[in-house]
Amino acid sequence: MKILFFSLIIGTFLVAACAEKIIESADSVLVRSLATSNLLGQWKFKGYSDGKVPPYDVTLEFKNEERKNTLNGRSSVNFYFADFEINDAKKTMKIGVLGSTKIAGTIEANQFEAIYYERFRNIARYEFKNDNLLLHLENPTNETMYFERKR
């Protein structure tokens, strides 16, 4: 009986000790890298690599809340949001499903927004240059979106 009792107590302590151990996965490395990344914060869209300046005030914000990478912003008409993953060492980025509100806008504003969302979904890499954030697209290749940190 004593052996059974002590076995139960030791087993309980072992289970409790295992429950406290945090196992680090590859995902937690991605989350942690954003917590220390220069991406965090608010950005203003300045244009594409062709030099055209957007006629609308478009914003982007990167957050790390509750160990989850999220982004949100305001396009020409709607607010948008998504989850994303980064590899800070390789400077790669993968945007999850992009959602948005459904506010009505002018034909021009809606066309601008459709192109912005399509290109935004294709972000593959990022880099920083002179306090600017450059988001390089996978498709079309050689296309870059320029953002300036909001102060």
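Test Phe128 against the stated conditions and say whether it is at pLDDT 90 or above and closer than 19 Å to Arg149 by Cβ. Considered against the rule, which asks whether it is at pLDDT 90 or above and closer than 19 Å to Arg149 by Cβ, Phe128 comes out as yes. For the range 90-101, the criterion of being within 13 Å of the chain's Cα centre (by Cα), within 16 Å of Leu39 (Cβ to Cβ) and of a type in the set (A, V, I, L, M, F, W, C) is met by at least one residue.
Here Ser75 passes the criteria (1) in contact with a strand residue (DSSP E or B) (Cβ under 9 Å, 6 or more places away or on another chain); (2) of a type in the set (S, T, N, Q); (3) modelled with pLDDT under 90 except the one numbered (3).
Looking at the range 95-151 only, could you name the residues that are outside any loop (DSSP other than H, G, I, E, B), charged (D, E, K, R) and open to solvent by less than 30 Å² (accessible area, probe 1.4 Å)? Please lay out each step first, then the result.
First pass over the range 95-151, keeping only residues outside any loop (DSSP other than H, G, I, E, B): 95, 99-100, 107-121, 123-129, 132-137, 144-149.
Retained after the next criterion (residues that are charged (D, E, K, R)): 108, 113, 118-119, 121, 125, 127, 129, 148-149.
Of everything in the range 95-151, just one residue is outside any loop (DSSP other than H, G, I, E, B), charged (D, E, K, R) and open to solvent by less than 30 Å² (accessible area, probe 1.4 Å), namely Glu113.
Applying the criterion of being of a type in the set (Val, Ile, Thr) and modelled with pLDDT under 95 to the residues of the range 14-66, the residue that is farthest from Ile115 (Cα to Cα) is Val15.
Quick one: would you say Asn69 is closer than 24 Å to Arg151 by Cα, touching a residue at least 12 places away in the same chain (Cβ under 8 Å), part of a strand (DSSP E or B) and open to solvent by less than 30 Å² (accessible area, probe 1.4 Å)? Don't jump to the end; show me each part of the working.
Values: closer than 24 Å to Arg151 by Cα: yes; touching a residue at least 12 places away in the same chain (Cβ under 8 Å): yes; part of a strand (DSSP E or B): yes; open to solvent by less than 30 Å² (accessible area, probe 1.4 Å): yes.
So Asn69 passes the test.
Just one of the listed residues (Tyr48, Tyr80, Tyr56) is more than 17 Å from Arg149 (Cβ to Cβ), open to solvent by less than 30 Å² (accessible area, probe 1.4 Å) and without any contact (Cβ under 8 Å) to a residue 60 or more places away in the chain, namely Tyr80.
The values are calculated or read from the model by the stated rules, or taken from the named source; none is laboratory data. All values reported here derive from a predicted model rather than from experimental measurement. Here Cβ is always computed from backbone atoms with ideal geometry, including for glycine, and neighbour counts include all displayed protein chains. Surface areas here come from the heavy atoms of the whole protein model, side chains and all, with no ligands, DNA or RNA. Shrake-Rupley method; radii C 1.70, N 1.55, O 1.52, S 1.80 Å.
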